[in-house]
Amino acid sequence: MIRIVIADDHTIMREGLKRILDGADDIEVVGEAVDGFEALAHVRKGGFDLLMLDLSMPGRSGVELIRQIKDEVPKLPILILTMHEEEQYAVRAIRAGARGYLTKESAGTQLVSAIRKVASGRPYISLEVAEQLAMDVMPANEDLPHKQLSNREFEVFTLLVSGKSITEIAEVLHLSAKTVSTHKTRILTKMNMNSLAEMVQYAVQHRLLGPLKN
């Protein structure tokens, strides 16, 4: 039996996932979390085999949450289930320690097989993500500007281009507005840009303007 915890801040999504899994005799949902803090509480308590984690939740989330979980429980398999289809999100999640990456649009047909594969110790990623990971380690690869950003800067970048204000980002990431402003300045410098409008244009051009939740 594969015991899993579902971490997603949308009740409808969690209920939908549980219904999908009802037909799998070898999978049991033993816990739920609505934010990063609850997810960490489950991790520290233990008693399950796999964490199904949304990439964008209130409080601590994203790549930083994956890293913290892997630091505390290195062997816990993490399957990311997210609205983000872009490969760049998946690459950062896999690098941080996630073993699988699945978009919510694919959950209906691929969720059970993804859980079984990740729980068995094997990765579950798309061909596109695998290719991106391979390209990133090739010496000839020329890094795009957004790949120069740290994980926190990339998180701030995605929130900025999605339309969130400095204050809103500070609340979502539990940072001070001053810290977020500093990140914004560093992002503009690293990407050689002068305005938020340029960042948005770049995000659209490189398919980085994924759907982010409040």
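The values are calculated or read from the model by the stated rules, or taken from the named source; none is laboratory data. Only a predicted model underlies this, so the values are computations on that prediction, with no experimental measurement involved. In this analysis, Cβ positions are derived from the backbone assuming ideal geometry, glycine residues included, and neighbour counts consider all displayed protein chains. To get the accessible areas, we keep the full protein, side chains included, count just its heavy atoms, and leave off ligands, DNA and RNA. Shrake-Rupley method; radii C 1.70, N 1.55, O 1.52, S 1.80 Å.
The ratio of the alpha-carbon radius of gyration of the range 25-67 to the globular-protein estimate 2.2 N^0.38 Å is 1.16. Over the heavy atoms of S181, what accessible area does a 1.4 Å probe trace out, to the nearest 10 Å²? The accessible area comes out at roughly 50 Å².
When the surface is traced with a 1.4 Å probe over the full set of protein chains, I66 keeps roughly 0 Å² accessible.
Against the chain, whose longest principal axis comes from its Cα atoms, helix 151-161 is set at around 70 degrees.
Which value, in Å³ per residue, describes the convex hull spanned by the Cα atoms of the chain? Spell out each step's value before the answer.
On the way: hull volume 25.4 nm³, N = 214.
Here the figure is 119 Å³ per residue.
Accessible area per residue of the range 1-77 at 1.4 Å probe, in Å²? If you can, show how the numbers build up before the last one.
Values: 3610 Å² over 77 residues.
Dividing the accessible area of the range 1-77 by its residue count gives 47 Å².
With all protein chains in place and ligands, DNA and RNA left out, the 1.4 Å accessible area ranks M199, M193 as M193, M199, largest first.
What's log10 of I(q)/I(0) for the range 6-48 at q = 0.18, 0.26 Å⁻¹, Debye sum over Cα points only, no solvent? Rounded to two decimals, the profile gives -0.54, -0.93. Enclosing the Cα atoms of the range 20-108 in their convex hull gives a volume equal to 94 cubic angstrom per residue. Scaling against 2.2 N^0.38 Å puts the C-alpha radius of gyration of the range 47-150 at 1.06. Here the range 48-181 exposes an accessible surface that is 52 percent carbon and sulfur, computed with a 1.4 Å probe and the other protein chains kept in place.
Of all the C-alpha pairs in the range 159-211, what % are more than 17 Å from each other? Beyond 17 Å sits 36 percent of the P(r) for the range 159-211. Each stretch of four or more DSSP H residues adds -39500 (n - 2.57); spread over every residue of the chain, this sum gives -15000 deg cm²/dmol at 222 nm.
Listed by chain and number, the lysines whose alpha-carbon sits under 29 Å from that of K18, ignoring those within fewer than 8 places in the same chain, are K45, K70, K75, K104, K117, K213.
Tell me the relative contact order for the chain as a rounded percent, counting alpha carbon contacts under 8 Å between residues six or more apart. If you can, show how the numbers build up before the last one.
Working: 309 pairs, mean separation 37.2, N = 214.
Computed over the chain, the figure is 17 percent.
Rounded to the nearest 0.05, what FRET efficiency do D143 and E198 give with R0 = 25 Å and r taken as the Cβ-Cβ distance? Could you check? It would help to have the intermediate numbers written out before the result.
Working: r = 18 Å, r/R0 = 0.72.
For D143 and E198, the calculated efficiency is 0.85.
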